[in-house]
Amino acid sequence: MPHCSSAVLGATALLTLATGAAAQTSVAPTEADQTRNRATPTVTSYPAAAAGDGATTNGFNLSRWAEDWRGMRDPAKRDDPLDRLKFLPLDGDGDVYLTLSGEFRLRVNHTTNPGLRDARAQRQDINRIVAGADLHVGPHFRAFAEVAHGGISGVELGAPAATLRNDLVLQQAFVEGNAEVSGVAVGARYGRQEFTDGPNLLVSQRDNNTIRYTLNGWRAWARGARVRADLFDLKPTQYGDLGTDDDVVDPARRFSGVTLGFAAPPTWFGGSKLYVDPFLWRRRNQVGAWGGRIGPATRYYVGTHVWGDAGRVTIDWTVNHQFGHYINQDIDAWQVFLAQTYRLGASRTAPRVGVHFDYASGGGGYGDGKLRDAYAPFGNNIYYSYGLFLTPSNLIAVAPNVTVSPTKRLRVTAEYQLAWRDSVTDAVYRANGQPFAGTQRIGDAKIGDVARLQAVWAISPRLSVTGRYEHLAAGPSLSKAGFQSSDFLAGWISFRF
């Protein structure tokens, strides 16, 4: 996809699509408590809940550039000295201003049988320090930069990845311009950035890591009142573990495509906030790996994400078909993610019960014929295992869950997941996409059961404490290949400003 020609064609298509949907009343955002990430970006003409920039709660977002702190222009709205950092005027009338942001996170992970092998337990003592600056020059231009440090020590660490240990990384750096054309909000961003415009199980910042997942290139959008479109062409960041000089654009991988969005009428089902997001993506990888082979792969994704609230029911449904080529194999894979919860009372903190059903096709990774192994570009793998032992490739999962809030600031979620393989002639795959060696030779479908518990205590909008526990009981497809059960325990404290 050449940059110049695709940018011109993309901008034209975006403007054409969104113009007919302008000048209608937008839907208020939702902040339903879900395991998966909700989308609530800065204010646009399209419903802020669904513009594809991540979740905003109490003013804070994982992607700090998606926050809107213009209200801090008014001194009466500032609660403490840190609020002053959110709006620092650089001219007399405040049209040029700077927003500073930061995070400090201290975390401990404890994993028995790391890698599901009979081995000494691993302990990771992890720290994260992030600092960002968002410069706004008038209403139509901005520049954002963010640096991060990741430190790790502990027991049985092996060789920590650069997303866990990194002296200093330029995590994000981009420029952005926007305008309004015939009632349609149009804009473009260029540089290093986080990208979450799609189902969280397919695209995510991967906040579980110390250094988050970022990409480099351009993203452009047009947003009417009820319809939107985003085009992008991006390459991942290839992190080193020293300074900023070794964090480079990955030359072997490229991710591009278009995501559309349609806001359903709010009167549906007696009152709802529902969104339908079709997408067409392409991922190219010159060093794709399946079954011990390494070679070029081009994978296309055609799918739809339907999500939102209808009364007390919250849904998050995705279906996508994947096709293309890997070395000498045709790709023919499917993923179906169906998550739903029901709130048992009228209050937003009322208990919720739910279940998710997930299917990711498998097969062909260790043989001839079509490659049926599904693959998520850079999704949220902790959804299946806090210990990162599972991923949506060759996976069938069913997981009932319940969420309760004993107090206004405390949320506890318990889940029990049962997992199988779709193809018993293909491997069980872990979160990094690598197979558990030898599982492709085991004839049993059952992977195992995963019991999980998470508690989040929001002491204040800036300060939170999170605890997680997980027990993975290895089923026969793992145990017969020599893999063990594992317990995972984690806790961390995070402070943001």
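Points to keep in mind about this one:
- For the range 123-153, residues that are farther than 14 Å from Thr163 by Cα, under 23 Å from the mean Cα position of the chain (by Cα) and not small (Gly, Ala, Ser) total 3.
- Subset of the range 307-347 [part of a strand (DSSP E or B) and among the basic types (Lys, Arg)]: Arg343
- Neighbours by Cβ (under 6 Å, 6+ apart or cross-chain): first from the range 56-81, closer than 19 Å to Ala131 by Cβ; second of a type in the set (Phe, Trp, Tyr): Trp65/Phe144; Trp69/Phe87; Met72/Phe87
- For the range 389-401, taking the residues that are more than 21 Å from Thr314 (Cβ to Cβ) and touching a residue at least 60 places away in the same chain (Cβ under 8 Å), the one that is surrounded by the fewest Cβ atoms within 10 Å (Cβ to Cβ) is identified as Leu390.
- Filter result for Gly354 (in contact with a strand residue (DSSP E or B) (Cβ under 8 Å, 6 or more places away or on another chain), outside any loop (DSSP other than H, G, I, E, B) and either surrounded by fewer than 19 Cβ atoms within 10 Å (Cβ to Cβ) or at pLDDT 95 or above (or both)): yes
- In the range 187-245, of all residues being aliphatic (A, V, I, L, M), in contact with a helix residue (DSSP H, G or I) (Cβ under 8 Å, 6 or more places away or on another chain) and assigned to a strand (DSSP E or B), the one that is surrounded by the fewest Cβ atoms within 10 Å (Cβ to Cβ) corresponds to Ala188.
- So Pro377, is it over 21 Å from the mean Cα position of the chain (by Cα) and surrounded by 17 or more Cβ atoms within 10 Å (Cβ to Cβ): no
- Of the residues making up the range 54-108, those that are closer than 26 Å to Ile126 by Cβ and over 25 Å from the mean Cα position of the chain (by Cα) number 2.
- Residue match in the range 296-317 (condition: of a type in the set (Ser, Thr, Tyr), surrounded by 15 or more Cβ atoms within 10 Å (Cβ to Cβ) and under 30 Å from Pro406 (Cβ atoms)): yes
- From the options Pro266, Pro296, Pro278, residue that is in contact (Cβ under 8 Å) with a residue 12 or more places away in the chain and outside any strand (DSSP E or B): Pro266
- Elements of type strands (runs of 3 or more DSSP E) in the range 402-497, at least 1 residues being free of Cβ contacts under 8 Å to residues at least 40 places away in the same chain: 410-420, 446-458, 463-474
The values are calculated or read from the model by the stated rules, or taken from the named source; none is laboratory data. Since the model is a prediction, treat every value here as computed from it, not as a measurement. Positions of Cβ are generated from backbone atoms using ideal geometry, with glycine treated the same way; all protein chains shown enter the neighbour counts.
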